[in-house]
1. Connecting C-alpha atoms closer than 10 Å in a GNM of the chain, tell me which of A43, A31, A106 has the biggest fluctuation.
2. Relative contact order for the stretch 33-79: what is it in percent, counting Cα pairs under 8 Å that are at least 6 residues apart?
3. Could you work out the Rg to Rh ratio of the chain, with Rh taken as the Kirkwood radius (inverse of the mean 1/r over all Cα pairs)?
4. FRET efficiency for L174 and S87, Cβ-Cβ distance as r, R0 = 30 Å, nearest 0.05?
5. For the stretch 54-106, how big is the tail of P(r) above 18 Å, as a whole percent of Cα pairs?
6. Cut-off 10 angstrom, C-alpha nodes, Gaussian network model of the chain. Which of V29, V17, V131 fluctuates the most?
7. Given R₀ = 22 Å, FRET efficiency for I182-I37 by Cβ-Cβ distance, to 0.05?
8. Among the trypsin sites (Lys or Arg not before Pro) in the stretch 35-137, which ones are in a DSSP loop with at most 16 other Cβ atoms within 10 Å of the Cβ? Mind listing them?
Amino acid sequence: MSTTAILKTSANKRLSVKAQTFATFAAIVGAVAVPQIFHILGAVSGLDNALGETFLPMHLPIILVGLLAGPYAGAIAGLLGPLASFSLSGMPRITMLPFMMIELGAYGLFAGLLRNVKMPTIAKVFTTQVVGRVVRSIAILLAVYALGNESVQVASIWMSITAGIFGLVLQWVLLPLLVYRIEGLKKYES
């Protein structure tokens, strides 16, 4: 398959501002609610925050909204989701909040930019994951080396990748299924 064939966009209609706003709000609510389920399960099981770090539940609604509603909805939800979660629950920790906002903002933006690109959804998810992790890594390196922030360790880059492997795989499975189902419902309604 040629590069131009891959980059051709599909005929997805652009969502109205009202629909994008609703999708953004729903993703922010999801970015607060879904991790709380994992935190409760972690507290009950004695694993504390390990479930959230392993399954990356906040990433799911952000990448999903980008894939379905576009880059604006994805980026805004990605930036505001962690902030709303921190405001309501104190999670993520204050030291990680800016990095989560940057990473999830990148996830939402890049998933949205790939929304109409003709390629398998799993490839869109994988590309989004790589770009988001690279953006987060750059932000951490800037904080550590350029700003002299000693509360964040460079080793946290590798640790977050290895700790979140199950979450990345979960996203490869769930997100294409959700996009397929939701896009199928939209076609059925038309």
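Please treat every number below as a calculation from the coordinates, not as lab data. Just so it is clear, the model here is predicted, and its values are computed rather than measured. Glycine also receives a Cβ, built like all others from the backbone with ideal geometry; neighbour counts cover every protein chain displayed.
1. Its mean-square fluctuation being the largest, the pick is A43.
2. It rounds to 26 percent for the stretch 33-79.
3. Working: Rg = 16.7 Å, Rh = 17.0 Å.
Reported Rg/Rh, Kirkwood definition of Rh: 0.98.
4. Numbers: r = 26 Å, r/R0 = 0.88.
Approximately 0.70, to the nearest 0.05.
5. Working: 331 of 1378 pairs.
Of all Cα-Cα pairs in the stretch 54-106, 24 percent lie more than 18 Å apart.
6. Of V29, V17, V131, the Gaussian network model singles out V17 as fluctuating most.
7. On the way: r = 21 Å, r/R0 = 0.94.
The formula returns an efficiency of 0.60 here.
8. In loop regions of the stretch 35-137 (DSSP not H, G, I, E or B), the sparsely surrounded trypsin sites (Lys or Arg not before Pro) are R93, K118.
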